[in-house]
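Following: one structure in structure tokens, then a few remarks.
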Amino acid sequence: MCGIVGFTGRRQAAAILLDGLGKLEYRGYDSAGIAVRDGEKLAEVIKSEGKLNNLREKTDNGKAIEGTCGIGHTRWATHGVSDRRNAHPHVSGNCTGSGCGPVESNVVGVHNGIIENYREIREKLARHGYEFYSDTDTEAAIKLIDYYYRKYRLGPVDAIARSMVRIRGSYAIEVMFKDCPGEIYVMRKDSPMIVGIAGGETFVASDVPAILEHTRTVYYVGNMEMARLLPGEAHFYDLNGDEIGKEPTEITFTAEAAEKGGFEHFMLKEIHEQPGVIADTLHSAVNDGVIDIGVDNDTLAGIRQVLIVACGSAYHAGIAGQYVIEQLANVPVRVELASEYRYRSVPAADGTLAVIISQSGETADSLSALRKAKAAGILTLAVVNVVGSSIAREADCVFYTKAGPEIAVATTKAYSAQLVSMYLLALALAGSHGAVSPEECSELLEELETLPEKVEKLLSEKERVQWFASKLVNTRDVFYMGRGIDYAACLEGSLKMKEISYIHSEAYAAGELKHGTISLIENGRLVIGVLTQPELYEKTLSNLYEVKTRGAYLMAVTSYGNYSIEDNVDFVIYVPRISRYFYTSLVMIPLQLLAYYTAVGRGEDVDKPRNLAKSVTVE
């Protein structure tokens with residue numbers, strides 16, 4: 001969730017660190033800091049609360065800090081309030097106050113993740129004379145490394161390895177040792193970390209955009225691995241301290257892909273990128289009418305049950321996938337929240353395929369759920385957007401969506417790519433089970449090919465949505481309702497509204513309104529109904545009538561041709577006709593735009609909503 005960067009080379013490090021942290025602002029943070037070394041001199045630590053601009057002002061955009069080796073961090077508070085005392089970097093010495101300035105410490109470090117046994121570590125270290133100045137778990141980890149480094153006179157790699165054995169939790173940690181100028185040491189368990197080398201310089205970060213300007217060739221630090229970084233060099237080690245070889249990965253998207261490209265917000269840019277993302281994801285998996293979802297056809301033919309595990313929007317993509325897979329392939333599907341599945345006792349059924357959906361491929365709960373499924377002997381398929389991510393590496397099979405870098409915290413294009421992956425999985429399963437004929441499969445693939453053009457048309461009509469959103473800026477509550485796969489669309493539409501506009505919104509299966517929720521309807525309450533499924537249209541329309549008679553203000557999203565609905569609702573968005581299985585991809589465009597324009601009208605920070613982070617790498 002936090003962002004970490006590091007650099008060692010020939011240039012001034014501070015400016016490069018600040019630029020890298022700027023590329024990671026989307027991950028969510030509440031304070032920031034850097035530590036820079038100038039040759040043999042002490043590391044200088046600079047920290048600030050709030051936005052990264054505060055740190056830029058303190059350092060004159062990095063120009064005021066000398067040194068060619070450094071580490072940086074944006075913190076999303078978990079242990080201790082957001083202030084300079086708890087901000088990273090942390091040191092092994094005993095600082096007071098803000099902890100800024102030159103530090104007389106053996107170890108200086110930053111950390112992304114959660115140290116679960118930090119209290120136990122603090123108690124151990126306190127018995128050996130260590131004092132603590134912050135409330136963070138990170139300080140305990142940095143001082144534990146110092147303890148093994150000094151007490152047992154171990155080298156940096158061995159001291160880090162000994163610490164990794166003692167620490168429980170998830171972490172990506174960068175440290176600089178006082179005795180090793182020009183060097184950065186890193187350690188990783190469950191939290192992402194990449195290393196890039198170019199032109200005699202070395203970069204390290206928690207995500208690709210931070211270093212993409214400098215190099216597109218990266219090395220992924222593996223789980224329970226360490227690395228020693230020098231200018232133009234990277235040496236990787238296993239937990240035994242033995243050096244290991246590692247193959248580089250080439251990043252296919254460009255640095256420009258992570259910029260706004262003239263749009264006011266990343267979110268609006270990414271909404272408009274969805275036609276291309278849908279087309280790219282489709283074409284990556286379909287060749288001459290043959291679908292390759294990452295699992296071979298013979299294996300798919302033996303699948304008797306699908307388990308989809310995910311969090312947030314990816315979970316909603318899984319809900320949509322459940323409807324499509326069951327209807328097309330006649331294979332039972334169970335969709336689980338990863339944060340719940342990992343702690344449940346679920347028997348492993350023969351012939352189960354577990355599908356783990358995650359944009360980043362690093363979501364902590366989803367990664368743990370993947371490991372639980374594998375331990376139970378279940379075949380696993382990762383649907384991820386980041387090549388080489390932890391979930392992609394650990395799954396038995398992998399399908400990469402083609403969303404490219406997604407910067408806005410609220411996902412749009414990555415969700416659309418996940419929907420496409422679910423459609424393709426459904427078609428592949430249906431074909432392998434004989435539930436659809438080759439001709440029917442071809443027809444449905446042709447329908448999918450029309451999605452990008454139809455999404456483009458909806459985007460060209462965004463001004464109508466913008467006009468309606470202008471009326472919602474003072475709204476306090478919104479209900480979304482639908483049946484079948486329309487309910488899945490409502491779940492995601494509601495999430496978009498609440499996470500960026502901060503308006504309370506909930507999604508309900510329309511048939512459940514009478515079982516309690518209808519009591520919340522009052523004059524002026526906005527209810528958004530989604531009605532795309534022909535066999536469920538009249539039933540959902542009846543539910544809309546029920547809330548209208550109780551004073552609700554109605555918006556409907558339905559397909560072309562259902563024009564009589566205008567007699568009974570206050571505002572309608574029409575989407576082009578398509579196969580009933582694929583409507584979610586079209587419905588989501590106006591729902592995303594509605595949330596976006598409502599949030600903009602309320603003056604909210606659309607790309608970085610409060611309290612949220614892009615990649616949730618902690619429980």
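The values are calculated or read from the model by the stated rules, or taken from the named source; none is laboratory data. Because the structure is a prediction, the values reported are computed rather than measured. FYI the Cβ positions are ideal-geometry reconstructions off the backbone, even for glycines, and counts take in every protein chain you see. Ligands, DNA and RNA are excluded from the accessible area calculation, which covers all protein heavy atoms including side chains. Shrake-Rupley method; radii C 1.70, N 1.55, O 1.52, S 1.80 Å.
So here's what we get for this one:
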quantity	calculated
Of 23/471; 51/260; 189/498, pairs whose Cα-Cα distance is over 24 Å	23/471; 189/498
Peptide ranges 151-160, 32-41 listed from the most packed, as the mean C-beta count within 10 angstrom indicates	32-41, 151-160
Solvent accessible area, Å² - residue 460, 1.4 Å probe, full protein context	80
Calculated P(r) tail over 22 Å for the range 456-580, as whole % of Cα pairs	29
Listed peptides 443-449, 67-73 by packing density, highest first (mean Cβ within 10 Å)	67-73, 443-449
Normalised contact order of the chain, rounded percent, pairs of Cα under 8 Å and 6 or more residues apart	12
Three-way shape label, the range 121-195, alpha-carbon gyration tensor, a/c 1.5	oblate
List 496, 58, ordered by accessible area with a 1.4 Å probe, largest first	58, 496
Angle in degrees between helix 451-460 and the longest Cα principal axis of the chain, rounded to the nearest 10	90
3J(HN,Hα) from dihedral phi, the range 340-355, Karplus parametrisation 6.51/-1.76/1.60, rounded to Hz, x for glycine, proline	8, 4, 5, 10, 9, 9, 10, x, 8, 8, 4, x, 8, 10, 9, 10
Ordering of 587-597, 280-290 by burial proxy (mean other Cβ atoms within 10 Å per residue, highest first)	587-597, 280-290
Backbone HN-Hα couplings from phi across the range 57-63 [Karplus 6.51/-1.76/1.60, Hz, Gly and Pro as x]	5, 5, 10, 6, 6, x, 5
Cross-link reach list, lysines versus residue 124, counting only Cα pairs under 18 Å and skipping chain neighbours closer than eight places	143, 151
Trypsin sites (Lys or Arg not before Pro) restricted to DSSP loop in the range 331-376 with at most 13 other C-beta within 10 Å	344
Ranking by accessible area, most exposed first, for 567, 365 with a 1.4 Å probe	567, 365
Cα-based Rg of the chain normalised by 2.2 N^0.38 Å, two decimals	1.01
Set of lysines near residue 496 by C-alpha distance (under 16 Å), chain-local residues within fewer than 8 positions excluded	269, 413, 608, 614
Ellipticity estimate at 222 nm from DSSP helix runs (n ≥ 4, -39,500 (n - 2.57)) divided over the chain, nearest 500	-10500 deg cm²/dmol
Amide H contacts of residue 225 (H built 1.01 Å from N, under 5 Å, at least 5 apart or other chain)	188
Cβ-defined net charge surrounding residue 242, 12 Å radius [Lys, Arg +1; Asp, Glu -1]	-4
